[in-house]
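Before any comments, here is the structure.
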Amino acid sequence: MGKQFAEMMPKHIEFIQNQHLFFVGTAPLNEEGHVNLSPKGYDTLRVLSATQVAYLDLTGSGNETSGHLEENGRITFMFCAFEGAPLILRLYGKGRVALKDSAEWDQYIQHFDELPGARQIIIADIHKVQTSCGYGVPFFSYEGDRDKLKESGIKKGDKLQDYQAQKNSYTLDGIETPIGRKLKNRE
């Protein structure tokens with residue numbers, strides 16, 4: 001049976017810190033818009049308090065989370081137990097984006113090892129925590145992280161900002177992202 005909490009309890013934080021994978025869900029306000037669900041790996045998530053988490057977001061082929069947060073702030077994190085006792089844990093919150101060269105980036109980057117291709121930090125203030133059984137989640141064994149995303153960031157090198165301008169400035173639904181706004185303001 002699912003339970004709800006106003007903040008993360010120590011057992012929730014321990015569970016989160018032991019996961020190798022988490023999912024981030026966001027959606028635009030437009031009901032015709034695309035709901036986004038992104039898997040996240042590497043050691044990129046930090047629990048900053050019982051009501052705040054942040055993760056280092058790496059450059060990918062899209063930037064839906066950032067645009068949706070800019071528009072409405074709604075964000076959900078989901079963690080699943082693939083090993084050990086079954087559990088699904090969700091964090092519901094209000095998120096925001098910290099871009100490189102901002103005071104907020106400087107404040108939060110100290111919590112992370114800056115990985116190749118890092119484009120922004122997503123910070124979320126959590127207002128509800130929910131657990132559920134997870135009985136239907138299969139067992140999976142963790143073998144390690146894929147290196148491809150980090151390799152892609154290294155390979156792009158000086159061209160990373162051009163790639164972000166082309167692929168990360170707008171969501172699928174045309175919502176301008178903080179990266180898009182930042183790049184447009186530099187022109």
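Looking only at residues in the stretch 21-79 that are within 17 Å of Ile121 (Cα to Cα) and among the acidic types (Asp, Glu), the one that is farthest from the chain's Cα centre (by Cα) is Glu71. Sub-6 Å Cβ pairs linking a first residue in the stretch 1-23 that is closer than 14 Å to Gly84 by Cα to a second residue that is part of a loop (DSSP other than H, G, I, E, B), at least 6 apart or interchain, are His20/Tyr142, ordered by first then second residue. Against the test of being β-branched (Val, Ile, Thr), touching a Lys or Arg at 6+ places or on another chain (Cβ under 9 Å) and either within 25 Å of Phe5 (Cα to Cα) or in a loop (DSSP other than H, G, I, E, B) (or both), the options Val24, Val47 yield a single qualifying residue, Val24. Of the residues examined, Arg146 is one that is more than 21 Å from Val53 (Cα to Cα) and either under 19 Å from the mean Cα position of the chain (by Cα) or in contact (Cβ under 8 Å) with a residue 60 or more places away in the chain (or both). The one condition from (1) in contact with a Ser or Thr (Cβ under 9 Å, 6 or more places away or on another chain); (2) modelled with pLDDT under 95 that Ile122 does not meet is (2).
The values are calculated or read from the model by the stated rules, or taken from the named source; none is laboratory data. Owing to the predicted nature of the structure, the values given are computational and were not obtained by experimental measurement. Cβ coordinates were reconstructed from backbone atoms using ideal geometry, including for glycine residues, and neighbour counts include every protein chain displayed.
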